[in-house]
Structures are given as structure tokens and as C-alpha cells.
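Report on the following structure.
The values are calculated or read from the model by the stated rules, or taken from the named source; none is laboratory data. Since the model is a prediction, treat every value here as computed from it, not as a measurement. Cβ: placed from backbone, ideal geometry, glycine included. Neighbour counts: every protein chain shown.
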Amino acid sequence: MFLEPYLLTGPFRITLFFVLILLIHRIISARVSAQTALNFLIPTITLILGAVLLGGFILVLTNTFDLFVIISIVIGLITLTFMNLNYTRSIKNQLQKIYTRTILYAVIKLEKRENFLDRDNIIKPRYKHKEQRLSQYHKNWQLAIGFLLPIMTYISRSSLFKEDVYTLSYSWFAKLNLINGLSLKNWFLHPGEMMGDYLLINLYAKLTHITNAQALQSFGLLESALLSLIIYWVVFKISRKHAPGILAGTSFALLYSFLPINIDLLAEHKSVFTALIIAVPTMLFSIYPQSFRFNRKLIFGWFFILFATILILDLFVGLLIVPTFLLILFFFKFRYYMKQVSQILFAYLSSVTLIALIYGIAAFVKQENFGAFILSNLFSFDAYTYNPNLVVPFKELIYYYQVAGIVFLLISIFNYIKKPHKWLASLIFIIFINVLFALYHIDEVLLDLDLLSQVLCVFIPIFFGIILNVIVNIFSIFKTQSRLSTIIEVTSGSVVILALAIFTFPPSATLNFDSEKTENVVFEAYSKIQSANLPYTYAVVNSLPYFSFSNNSHYYYNYDYFNDSYIARDRRFHRYKNNQQYLQSNPDIILPETMFVFIYKNLEESNVAKKEIFKSQQALALERINLLKAKDRNVNIYYESEDLKVYQIENRERASNINELLF
């Protein structure tokens, strides 16, 4: 399903949009970052996501969350970046100088008949940076991995769609309703939801011009693809080697038998995963903030934005996972970097205070129990862990991980004593992961183990990468990271991971979707209808669970209405449809320009009584369609598969389809 063109549109467009933003930034900036490849891309994605989400949250609070407002803000930021104003000097004089230079630049280019954009607009001087830049060889490795790893993850997740029980389930429709109704009125105090992830999905749909349903369906795989890349990069930064990073990233993408991941819920987006997309790089930033060109004056501001974003996305990560990591970090840094670690801790506490204040005020205004809301986000009632694909039960597997964690922790401590700077990040992360393993043994009454399992799905691959780095360091015959050592390490690591994946990959995996599920064809039919027709110029006749598709999109009729009332309305409408005065006096007879009627051929319903009622509704609806054909109405088949047929009834020709209206 996820490899169908209508669901690949969103990921492809958002990738192009991000590339366009980076290109515009490079053209308008006076200098560019000294970091290259993924060393530039991952921090940039993290910081942009943080700023966009917090900015979107402010727009929701001010009731101005709209695509036009968002585009206006983006244009404003691009303009300010291009002008590069110095706010300590006269703004008026600077604007005058910019205006004069722009006019002269345009006149010179026109006189010489040169392109307005040339090589000098792309090749810019770089900021100075203490950290050694990547060589072209390692840059090429990163670019290749950055291209292949997300695609591998996306295809891997797509291959298990046959196991999916999430698409078009009650939970799926509930989340679609939250996205459709995103506003200040509907933002606060939904049990178990902080709403930040739904803001991102809504924005993703707006920017890529796809439906909210398409955005919701593809967002889960998109976040997994991005997480695999972040896992690789974080382990690469920790180990300074490609092989451990590749092992970590591909473990998240392929090793379902070693991770507590529900293969029947792979399509579901998870707020824990979305929060970890920002939280995992933020953890690395907090260890080495100076390595990411953070201005010392801006460290507090950026960390405040990142921590606030994590809290808006998921409280379990924001209130339990992040502070646990920060406490471990404080233990290692308070002696020599007290000012730096204090800034980070103060940024975290400030963000917690602000978010608690905002949501506390909302709870007071809405007269809701604030404590109950917090608990509902720390203990999820709809998340569950079911892992029949694991090599051994997870409680036994976590024991093996704990033993390995302790062994490699001791080795890492020994390495840290010899070379503190080199092994600091490895030691902090391996201590943190050992704490997560230990937390899994806590009573479920005190901690939601299902949410912790989702966190472990991300940190176990990081654990694998760190272990490989320690092993390679012990047995490596190479004193430096040469090209030969990189090739040998990557090749050996890839062979191991591919062998494990081949022998443990779920046998139900397939990329052949000829035997289509009902969920797939219904979703494809709705995507075709919604993307091709102007909102609220058409109506859809379907069963009640699919009502959520209609929000902010089209009119919805159930089968009873269509069977009992439509023919009478059709008779009156077609009698007077050219009589404008009568229609204005009797607006109740006006029909939507186009009707789409869903007729199911093979109904999947376990309840025999419900199945019989639905079959009779379908048969009667088909009779009504045949009657409309007999009356010479414009009726044709819009979509057809083995399980579904969608009829299109055009009450006014060329009045609904966007292409027909335009051309």
C-alpha cells in the first residue's frame, strides 16, 4: 500500500520542499555552515522541526494557524536572513543601502545579459569551526547512507502491510478527527494526547497539498525512515566510524526479531517516535554543544525550544526519558563544565514550567483535572506490546541485553579513564541505556512498559552500534580510520546485519499487493476522490465509520438517507435545476454537483446480523443507482477493484473536478 504513488506523493514532496528551503538558505546567506553532509543536515532538521513546532503551537494559541500565515512567516524570515540586518545600527540607513545595492545588482545583470543566479550565489565562504571537517571520502559515505537508509526503512515497513490492523481502525479515525479539527478550541486536554504530533501532520498535509488522511497514513513510515537516519548519525558521532552507525540504523530498519516493535502497528505514527526524532539529537547536542556551532549566547534559547518541543510532542519522553539522561549528563559535566550544563538544565526546567503553566491555565479554564491529564500521557491506554516475531520473549531478551550492557559498561569505563574525551558520549549513552533496561523490570503500576518498549525500539539499535564500536576498538588492527579499515568494518557489519535480517525477517513480508485488503482499496478510492475534486462540491455515500473522511472536505450521506430520500430530491432538483429563482426559494432540494456511492462486493464483518443489514443496504443502493441510470442521469464507475466499486453521479457536469474547472 505504502509504495502506491498516491501515498508516496507526501514523502516525495516534503523532501523536495526541504531541499528547496536549504537551497534558498544557501543563496540568501552571506556565509554557510562549516558542517557538511549529515553533520549539517541532521542538526538542521532537528532545529527546524523544533522551531516550526513551537511556532505552530504559538499560531494555534493565537488562533492564526493557517497556510497563508505560515507562508507569510517563511517569506518574512527569508527576507530578514537575506537582508542580514545589524540591529545595533540604524535600520533605515541599512535598508537604504540594501535597496540601492539591489537596484544596481539588477541593472548590471540586465546590461551584461547575465543570469541573476550564478556560481557566486551558491559557493559561499564558510564559518570557522573548531571541529575537523569531514573529508570528501567520508562525506560521500554519509550522503550514500543518508539516501539509502531511509528508503530501506520505508520499504521494510511497507513490506509488512499485510499484518496491519491500524489503518481505518477506530484509533485511526479518532486521530484523523484530531487532525481535521486542529484549532485552539480542540487543542488542549485530550486524554493521552499532547497534540504536537497532530500539528506536524496537519502542517505536512498543508505544505505538500495532500489530504489529512494521506498525511496520517504516510507519517508513521516517514518518521521511522527519519529515525533510522538519526540513529545512524548519532552512533556515527559517538563512534566516529561508519560501521557502528550503519549497524544501528539497519537494526532499526530490519531487525524486527530483536526489537519490541509491533509489526501490526507499523503504519501507526507514534508520538514517542516523533519526540525522539528531536530528543535523540538533543541528547548529543547536550554532550557536545560546541560542536554544532551553537552561539554561546543562544545555547539557552535553542535548548529551550528543543525541550519545549519534546514536551509538546510527548510527556513520557519529556518528563521521564529526557530528565533521566540530563541527570547522568550532569554527573559527568558539573565538575569542569558547570556553566554549560547549568544552562542546559535551566533551559529544560524553564520549558517544563512554561508548558505546565499553559496547560494548567487551559485546565482551569475548561475545568478539567490537570493531574489526570498528565497521568493519561504518562500511561497510555491504547498502546500495547505484542511481539510474536521476537527470537525469544522480550522479558528474556531484555535480560540478555542487560547482561551485555553491564559488561560493555565496564569496558567503556576502562576506555573512558584512558581517553575521557573520546569515550564520554559512549559512556553516557551506555549508562543511560542500562538505566532504561533496568526500568523495564519496574512494576507496570509505576511505569508504562508499553511506552518504554517504544523508547527501547530506538535505543536498542543505538546500543548495538555502541557495542560494535567497543568491539572494533578492542580488536581493530588499524591505528587510524583509513579507507581500508572503513571498507572492512562496513562490509563485515553489513554481512552480519543482512544475515540476521534474512534469517529473522517476518515471513509475512511482501511487496506484492495484488490480493488487496479492503482497507487499501477504500483508502485509495478516497485519496483519488479528495485529491481530484474541489472541497464541498461533492458528497460521498458510505457507512458511518468513514464519516471522518468528510471533515473539512465534503458532504457525507449514509446509505439509509440515499436509499430513502435521494430519489425524491433528485426528481425535484432535475425538474427545477435551471430555475434559479425556485432554487433560491427552495435550497433544500439542491444536490451536490457530484455524488460518489461506495458499493462493497466482499464485506468483512464478523457480526452476522450487521452483515445482513449492510448487504440489504448495499443491494437497495445498487437498485437506486440503476434507477438513476434508467432516468438517464450521468452515472459511471469512478473506481473499481475486486472488493469495491465506486459510482459517480454527476448532477452538474464539470462542476466538481478541479482539472475540469480550470481547463
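Select from region 57-66 the residues that are touching a Ser or Thr at 6+ places or on another chain (Cβ under 8 Å) and surrounded by 12 or more Cβ atoms within 10 Å (Cβ to Cβ) and list them in ascending order.
Residues of region 57-66 that are touching a Ser or Thr at 6+ places or on another chain (Cβ under 8 Å), as a first pass: 60, 63, 65.
Hits for region 57-66 are VAL60, PHE65.
Return only the number of the condition from (1) of a type outside the set (Val, Ile, Thr); (2) assigned to a loop (DSSP other than H, G, I, E, B); (3) touching a residue at least 40 places away in the same chain (Cβ under 8 Å); (4) in contact with a helix residue (DSSP H, G or I) (Cβ under 9 Å, 6 or more places away or on another chain) that GLN618 does not satisfy.
(2)
May I ask you to verify whether ALA267 is part of a helix (DSSP H, G or I) and either of a type outside the set (Phe, Trp, Tyr) or more than 30 Å from ALA174 (Cβ to Cβ) (or both)?
In short, no.
Just to check your reading of the model, which residue among SER350, SER342, SER291 is small (Gly, Ala, Ser), surrounded by fewer than 21 Cβ atoms within 10 Å (Cβ to Cβ) and at pLDDT below 85?
Every option except SER291 fails the conditions.
Yes/no per residue for (1) assigned to a helix (DSSP H, G or I); (2) under 24 Å from ASN520 (Cβ atoms):
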position	(1), (2)
PHE547	yes, yes
GLU623	yes, no
GLU642	no, yes
VAL646	no, yes
ALA655	no, no
ASN659	yes, no
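Cβ-Cβ below 6 Å, separation at least six or inter-chain, first residue in region 402-421 and closer than 17 Å to ILE238 by Cα, second among the aliphatic types (A, V, I, L, M): which pairs?
Matching pairs, first to second residue: PHE408/ILE467; PHE408/VAL470; LEU409/ILE430; ILE411/VAL470; SER412/LEU427; SER412/ILE430; TYR416/LEU427.
Taking the condition polar (S, T, N, Q), exposed (fewer than 11 other Cβ atoms within 10 Å of the Cβ) and either at pLDDT below 85 or touching a Cys at 6+ places or on another chain (Cβ under 9 Å) (or both), does SER476 pass? Full working, then the answer.
Details: polar (S, T, N, Q): yes; exposed (fewer than 11 other Cβ atoms within 10 Å of the Cβ): no; either at pLDDT below 85 or touching a Cys at 6+ places or on another chain (Cβ under 9 Å) (or both): yes.
When the stated conditions are applied, SER476 does not pass them.
Take region 351-369 and flag every residue that is under 26 Å from the mean Cα position of the chain (by Cα) and touching a residue at least 40 places away in the same chain (Cβ under 8 Å).
Answer for region 351-369, where residues must be under 26 Å from the mean Cα position of the chain (by Cα) and touching a residue at least 40 places away in the same chain (Cβ under 8 Å): SER351, VAL352, LEU354, ILE355, ILE358, TYR359.
Residues checked against (1) at pLDDT 85 or above; (2) under 28 Å from PRO289 (Cβ atoms); (3) loosely packed, with under 14 Cβ neighbours inside 10 Å; (4) of a type in the set (Lys, Arg):
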residue	(1), (2), (3), (4)
PHE17	yes, no, yes, no
SER33	no, yes, no, no
ASN39	no, yes, no, no
ILE45	yes, yes, no, no
GLY55	yes, yes, no, no
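Condition check ((1) at pLDDT below 90; (2) of a type in the set (Phe, Trp, Tyr)) across all residues:
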site	(1), (2)
ALA267	yes, no
ASN295	yes, no
PHE307	no, yes
LEU313	no, no
LEU354	no, no
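Being modelled with pLDDT of 90 or more, over 18 Å from PHE307 (Cβ atoms) and in a helix (DSSP H, G or I): is that true of ILE328 here?
no
Based on what the data block shows, is LEU329 under 20 Å from ILE42 (Cβ atoms), of a type in the set (A, V, I, L, M, F, W, C) and in contact (Cβ under 8 Å) with a residue 60 or more places away in the chain?
Yes: the conditions hold for LEU329.
Which one of these does LEU16 not meet: (1) farther than 30 Å from PHE188 by Cα; (2) in contact with a helix residue (DSSP H, G or I) (Cβ under 7 Å, 6 or more places away or on another chain)?
For LEU16, the failing item is (2).
Is at least one residue of region 221-231 in a helix (DSSP H, G or I) and closer than 14 Å to ASN469 by Cβ?
The answer is yes, given that some residue of region 221-231 is in a helix (DSSP H, G or I) and closer than 14 Å to ASN469 by Cβ.
Looking at region 564-605 only, could you name the residues that are under 34 Å from the mean Cα position of the chain (by Cα) and exposed (fewer than 15 other Cβ atoms within 10 Å of the Cβ)?
ASN602, LEU603, GLU604, GLU605
Please go through region 235-244 and give me each residue that is within 25 Å of GLY318 (Cα to Cα) and crowded, with 24+ Cβ neighbours inside 10 Å, ordered by number.
The answer is VAL235, PHE236, ILE238.
Within region 157-183, take every residue that is part of a loop (DSSP other than H, G, I, E, B), over 18 Å from the mean Cα position of the chain (by Cα) and touching a residue at least 24 places away in the same chain (Cβ under 8 Å) and give me the one that is surrounded by the most Cβ atoms within 10 Å (Cβ to Cβ).
LEU168
Within region 585-606, identify whether any single residue is in a helix (DSSP H, G or I) and touching a Lys or Arg at 6+ places or on another chain (Cβ under 9 Å), and answer yes or no.
So the first thing to find is which residues in region 585-606 are in a helix (DSSP H, G or I), and the list is 585, 587-589.
Remaining after also requiring touching a Lys or Arg at 6+ places or on another chain (Cβ under 9 Å): 588-589.
Yes, there is a match, as at least one residue in region 585-606 is in a helix (DSSP H, G or I) and touching a Lys or Arg at 6+ places or on another chain (Cβ under 9 Å).
When residues of region 184-202 are filtered for being surrounded by fewer than 20 Cβ atoms within 10 Å (Cβ to Cβ) and either assigned to a helix (DSSP H, G or I) or under 13 Å from the mean Cα position of the chain (by Cα) (or both), how many remain?
Qualifying residue count, region 184-202: 3.
Within the group THR282, THR250, which residue is farther than 30 Å from TYR337 by Cα, assigned to a helix (DSSP H, G or I), among the β-branched types (Val, Ile, Thr) and at pLDDT 90 or above?
THR250
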